[in-house]
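Here is the structure we will look at, set down as C-alpha cells.
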Amino acid sequence: MKLSEIMITKALVPEVQATKRDDVIKELVAAMVDAGAISQDETAAVIKAIIAREKQATTGIGKGIALPHAKLASIKKPIATIGLVADGVDFSSLDTQPVFGVILLLSNPDTPDEHLQAMETIFKNVQREMFRKFLFQAKDVDSIVELLRESDDMN
C-alpha cells in the first residue's frame, strides 16, 4: 500500500489553525468533509470515534508525529489526511514533545488487514527522519503531495 493510495490530497491542511488536540482533529475531519471523502452527516460520529480512541491511549507516537485514527462502518477503504501545526500541539505524546504533523486515518472495522497495512505504510514513512524533516517544512499542499509521491517511489 502506498501513501498516495490512502491520502485524500484535497483534505491536506498545511497550516492547521487549531491549537488544541481535539480542535486539530475537528479541523482535519472538516477538511475530509470539504474534500467529499466523508459526508457532512458523519462529522460528529467520526470526531467522537477519533477522540474516544485518543482517550484510550495517545496516538502521539513521538518525533513530532501523531496518528489519530478510527474505524467506522461508513468508511469503505482506508483514507487519510495530514495537518501541519507550525507551533506544535500537545497530543500527550510518548516522548512528551509537541506534535507538528498529524496524520488522521479512517478505515472500516470489517477490513482490519487494510487498516494495519495503512498504519504500517504511514509508520514506515514517519520513522524516516528525512520524511519528517520535509513534511514539517512543507508550506503548501503541493509540497506535501510531492513528498508523498517521492516517498511512494522510494518504497
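The values are calculated or read from the model by the stated rules, or taken from the named source; none is laboratory data. For clarity, every value in this text was computed on a predicted model and none was experimentally measured. So basically every Cβ, Gly included, is an ideal-geometry build from the backbone, and we count neighbours across all protein chains shown.
Structural remarks
- Qualifying residues in region 100-154 (those that are of a type in the set (Phe, Trp, Tyr) and under 13 Å from the mean Cα position of the chain (by Cα)) - the one surrounded by the most Cβ atoms within 10 Å (Cβ to Cβ): PHE100
- If you go through region 131-145 and keep only what is closer than 18 Å to GLY88 by Cα, among the hydrophobic types (A, V, I, L, M, F, W, C) and outside any loop (DSSP other than H, G, I, E, B), you end up with PHE131, PHE134, LEU135, PHE136, ILE144.
- Matching residues, region 20-45, being of a type in the set (A, V, I, L, M, F, W, C), under 22 Å from VAL126 (Cβ atoms) and surrounded by 20 or more Cβ atoms within 10 Å (Cβ to Cβ): VAL24, ILE25, LEU28, VAL29, ALA31, MET32
- Residues (crowded, with 16+ Cβ neighbours inside 10 Å and among the charged types (D, E, K, R)) located in region 69-82: LYS71
- Scanning region 86-96 for residues that are crowded, with 24+ Cβ neighbours inside 10 Å and not in a loop (DSSP other than H, G, I, E, B) gives no hits.
- Residue count, region 100-154 (criterion: over 27 Å from ASP22 (Cβ atoms) and in contact with a Lys or Arg (Cβ under 7 Å, 6 or more places away or on another chain)): 1
- Qualifying residue in region 75-83 (condition: in contact (Cβ under 8 Å) with a residue 12 or more places away in the chain, farther than 22 Å from VAL24 by Cα, in contact with an Asp or Glu (Cβ under 8 Å, 6 or more places away or on another chain) and not aliphatic (A, V, I, L, M)): yes
- In region 51-68, residue modelled with the highest pLDDT [restricted to those that are β-branched (Val, Ile, Thr) and crowded, with 23+ Cβ neighbours inside 10 Å]: ILE65
- In the set VAL46, VAL89, only one residue is over 20 Å from ALA138 (Cα atoms) and at pLDDT 95 or above; that residue is VAL46.
- Of all residues in region 35-58, none that is under 19 Å from LEU12 (Cβ atoms) has its Cβ atom under 7 Å from the Cβ atom of a residue that is part of a loop (DSSP other than H, G, I, E, B) and hydroxyl-bearing (Ser, Thr, Tyr), 6 or more apart or on another chain.
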